[in-house]
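Structure record follows, encoded as structure tokens.
The values are calculated or read from the model by the stated rules, or taken from the named source; none is laboratory data. The model shown is predicted, which means the values in this text are computed figures rather than measured ones. Cβ sites come from the backbone with ideal geometry, for glycine too, and all protein chains shown count toward neighbours. The protein model used for the area step is the full one, side chains on, heavy atoms only, and it has no ligands, DNA or RNA in it. Shrake-Rupley method; radii C 1.70, N 1.55, O 1.52, S 1.80 Å.
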Amino acid sequence: MLAPWRTILGGAALLALAASPGCQSEAAARPDADSLRVLVWHVLHGANDVDRGPEKALAVIRAARADLVLMQESYDVDGPRPTLGRWLATQLGWTAHQGESPHLCVLTRHRIEAELFHHPWHGVGARIRDARGRAFVAYSIWIDYRAFLGYELRDRPQISDEELLLAESERSGRLPQTLALLEHLRTAGLLEADTPLLVGGDWNTPSHLDWTADTARVYRFRRALDLPVSRAVHREGFVDVFRDVHPNAVMRPGITWSPMFRSRRDGKQQTFARIDRLYLKNPPAASGPWSLSPVDARVLPELWEDAAVPARERVFPSDHGAVLLSLRWEHRAHTNKK
């Protein structure tokens with residue numbers, strides 16, 4: 001496991017980190033040449049809602065020592081700058097693929113070989129190769145926020161399980177959008193490709209791995225339910241990277257919604273959930289020389305700022321926590337068949 005670090009720095013220290021010439025160098029030391037560090041992050045409104053938000057987002061990425069960022073809400077930055085993802089890539093000396101999407105961005109220190117596209121709001125991807133020649137495919141995704149399960153259960157505590165689950169397929173587009181994304185990956189040949197496939201972003205719904213009998217005893221606004229969105233992804237052979245590293249959802253809930261908005265302006269209780277996730281699908285055993293294995297997972301910020309701090313003044317510039325996943329490259333030995 002990688003050594004822990006503190007992500008919430010003082011404001012001055014964080015901005016100094018962003019401006020540090022040493023941090024800007026692409027030659028900055030990496031913890032392990034055989035690791036792939038992925039940051040999955042929904043950045044609030046292109047970081048425009050926080051003072052010096054883009055600079056603070058840049059500092060978070062540098063402090064995380066990420067190799068790949070799967071970003072949502074990569075909107076135009078206020079002032080004479082491009083979208084947040086493109087601006088960040090320029091500052092880091094990286095490459096970004098956002099295409100015509102107003103929302104989704106893949107940015108990486110590695111080389112993008114091909115740009116992939118599913119939908120401007122639901123899936124933008126890239127085929128990427130690192131300096132050692134190891135290739136993988138990564139998608140940044142987002143699906144419908146309406147009829148959030150936590151709010152549905154909070155507002156109608158007596159709702160039946162069947163009616164609650166209709167929030168995924170009828171009162172929102174989450175399940176249809178997820179199935180369409182999986183069909184795109186299948187049609188593109190990516191579900192059986194010879195390279196690892198990473199799909200990460202804001203799913204706007206919890207995982208069935210988090211809504212269990214035990215978590216329902218401990219956390220509010222949960223039930224033990226076989227939630228269909230995460231189930232659909234698992235049926236295609238994907239692994240939930242965070243939950244693979246931390247299988248106990250009671251002890252490590254991995255909450256990403258919401259470190260910024262812990263109470264609601266309408267007076268209703270906030271509900272908290274792990275809605276930002278990374279899924280990994282390795283090549284079939286008989287194909288592909290490389291696979292990826294999860295080794296570490298954490299949610300940033302590891303220390304939440306005081307709830308009384310106005311959003312404008314936050315150090316961490318988003319209402320979503322960022323998920324930082326460390327994966328290790330594993331070489332597969334193949335036997336030549338005659």
### Task
State whether one or more residues within the range 283-290 are under 23 Å from GLN72 (Cβ atoms) and of a type outside the set (A, V, I, L, M, F, W, C).
no
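Among residues belonging to the range 249-275 that are part of a loop (DSSP other than H, G, I, E, B) and small (Gly, Ala, Ser), point out the one that is most open to solvent (accessible area, probe 1.4 Å).
This residue is SER263.
If we only count helices (runs of 4 or more DSSP H) wholly inside the range 172-248, which ones have 3 or more residues that are out of contact with any His (no Cβ under 9 Å at 6 or more places or on another chain) and open to solvent by less than 60 Å² (accessible area, probe 1.4 Å)?
Values: elements: 174-187, 213-218, 228-235, 241-245.
In the range 172-248, the matching helices (runs of 4 or more DSSP H) lie at 174-187, 213-218, 241-245.
Residues are listed down the side, and each one gets a yes or a no for (1) without any contact (Cβ under 8 Å) to a residue 40 or more places away in the chain; (2) closer than 19 Å to LEU44 by Cβ:
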{"residue": "GLU236", "(1), (2)": "no, no"}
{"residue": "ASP244", "(1), (2)": "no, no"}
{"residue": "THR256", "(1), (2)": "no, yes"}
{"residue": "ARG264", "(1), (2)": "yes, yes"}
{"residue": "ARG277", "(1), (2)": "no, yes"}
{"residue": "LEU280", "(1), (2)": "no, no"}
## Note on the structure
The one condition TRP41 fails out of (1) open to solvent by 10 Å² or more (accessible area, probe 1.4 Å); (2) within 26 Å of TRP290 (Cβ to Cβ) is (1)
### Summary
VAL60: passes all of (1) over 29 Å from ALA193 (Cβ atoms); (2) under 16 Å from the mean Cα position of the chain (by Cα); (3) without any contact (Cβ under 8 Å) to a residue 60 or more places away in the chain but (3)
### Task
Could you please give the count of residues in the range 263-282 that are at pLDDT 95 or above and out of contact with any helix residue (DSSP H, G or I) (no Cβ under 8 Å at 6 or more places or on another chain)?
4
### Task
Restrict the check to the range 130-142 and report whether at least one residue is out of contact with any Asp or Glu (no Cβ under 7 Å at 6 or more places or on another chain), more than 21 Å from TRP94 (Cβ to Cβ) and among the acidic types (Asp, Glu).
no
### Query
With respect to ALA286, is the statement that it is open to solvent by 70 Å² or more (accessible area, probe 1.4 Å) and among the hydrophobic types (A, V, I, L, M, F, W, C) true?
yes
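Residue-by-condition table, conditions (1) aliphatic (A, V, I, L, M); (2) not in a helix (DSSP H, G or I):
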position: VAL50; (1), (2): yes, yes
position: GLU55; (1), (2): no, no
position: ARG62; (1), (2): no, no
position: LEU88; (1), (2): yes, no
position: GLU100; (1), (2): no, yes
position: VAL106; (1), (2): yes, yes
#### Entry: Scope the range 82-114; condition open to solvent by 30 Å² or more (accessible area, probe 1.4 Å), free of Cβ contacts under 8 Å to residues at least 24 places away in the same chain and either on the phi > 0 side of the Ramachandran plot or out of contact with any Lys or Arg (no Cβ under 8 Å at 6 or more places or on another chain) (or both); matching residues
PRO82, ARG86, THR90, GLU100
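Does TYR151 satisfy the criteria of being assigned to a helix (DSSP H, G or I) and either of a type in the set (Asp, Glu) or touching a residue at least 60 places away in the same chain (Cβ under 8 Å) (or both)? Lay out the reasoning, then the answer.
Values: assigned to a helix (DSSP H, G or I): yes; either of a type in the set (Asp, Glu) or touching a residue at least 60 places away in the same chain (Cβ under 8 Å) (or both): yes.
When the stated conditions are applied, TYR151 passes them.
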